[in-house]
Amino acid sequence: FNTGSLVGKTVCITAGPTREPIDPVRFLSNHSSGKMGYALAQACIEAGATVKLISGPVNISPVDRAEVIAVETAEEMLSAAMEHALGVDLFIAAAAVSDYRVAQRAPQKLKKVDSDDLQLVLVQNPDILASVAKHPQRPQCVVGFAAETNDVVRYAKDKLARKQLDWIVANDVSRTDSGFNHDDNAVTLISATSEQSISLAAKNQIAAQLVTILAASL
Ligand code: C5P
């Protein structure tokens, strides 16, 4: 694709899951592999951008020439975003952020209790994408992902407006051949005035197509 289309631009990307500790040895998380975010980072590097990749814990090899900021929790991801994403040319939130964290992480390993159930109190995590998009030093272009199982485009458009995004990448996660924790993906890229489908392909091909379209919009 169009190599060089992001020369001189800085891109910040969030990727992977977050991990929310319960106690020193346990956490809440999800099955996000980080592949889509890492593929986007790679595509942006190939297009000539300076890339800052804010990454939750993943098992994939780092992207050559990207600056990786490793984080675990959503709160750490938010502070990394406040430090690295503000004022950049393009911010892409591909991370699967845990919606909730444990209200009070136990300082010591929790012991099995003398009853059949144990209750954990959860509190909502901050929305990193919305915090960046609504910040006074908002990046020039802000892109989110929307994983939906039904009414994919409608819910994605809601999210685009609610989080004040320039683009949203809608992902039908009811499909068994793509999306979460898969090598392939099929997406629809939506703005306030446009809608384009990118058919099923490897995540690095989807990433290259997305980056070409996003770069042309800057
Ligand atoms: O609201 P929902 O979780 O469906 O939104 C998904 C989009 O918002 C993704 O781009 C994701 O990276 C981002 N997000 C975030 N911080 C959160 C929740 C979601 O940045 N706490």
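Derivation of every value follows stated rules applied to the coordinates shown; laboratory data play no part. Computed from a predicted model, the values in this text were never measured in an experiment. Backbone-built Cβ (ideal geometry, glycine too); neighbour counts: all protein chains shown.
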Once you've got the Cα coordinates, tell me which of Lys35/Lys109; Lys9/Lys159; Lys9/Lys134; Lys52/Lys109 are over 24 Å apart.
Lys35/Lys109; Lys9/Lys159; Lys52/Lys109
Would you order Glu72, Glu195 from fewest to most other beta-carbon atoms within 10 Å of each residue's own beta-carbon?
Glu195, Glu72
Please work out how much length the chain gains when fully extended from Asp117 to Asp64, using 0.36 nm per residue of separation minus the C-alpha to C-alpha distance, in nm with one decimal.
14.4 nm
Which trypsin sites (Lys or Arg not before Pro) from region 124-218 combine a DSSP loop assignment with at most 16 other Cβ atoms within 10 Å?
Lys134, Arg175
Which of Asp158, Asp172, Asp89 fluctuates most in a GNM of the chain (C-alpha springs under 10 Å)? That residue is Asp158
Given charges at beta-carbon only (K, R positive; D, E negative), |dipole| of region 160-208 in Debye:
200
Compute the distance in nm between two label points, each set 7 Å from the Cα along the Cα-to-Cβ direction, one at Asp183 and one at Leu110.
3.7
Work out the length of the dipole vector of the chain about its Cα centre, built from +1 on the beta-carbon of each Lys and Arg and -1 on the beta-carbon of each Asp and Glu, and round it to the nearest 20 debye.
280
Between Ala208, Gln137, Leu218, whose Cα lies farthest towards the positive end of the dipole of the chain when Lys and Arg beta carbons carry +1 and Asp and Glu beta carbons carry -1, centred on the Cα centre?
Gln137
Going toward the positive end of the dipole of region 62-109, with +1 on Lys and Arg Cβ and -1 on Asp and Glu Cβ, which of Gly87, Ala74, Pro107 do you reach last?
Pro107
Once Rh for region 3-73 is found with the Kirkwood sum over Cα pairs, what is the Stokes-Einstein diffusion coefficient at 37 °C and 0.692 mPa s, in µm²/s?
258
Relative contact order of the chain, please, whole-number percent, based on alpha carbon pairs below 8 angstrom and at least 6 residues apart.
21
Sorted from fewest to most neighbouring beta carbons within 10 Å, what does the list Glu20, Glu67 look like?
Glu67, Glu20
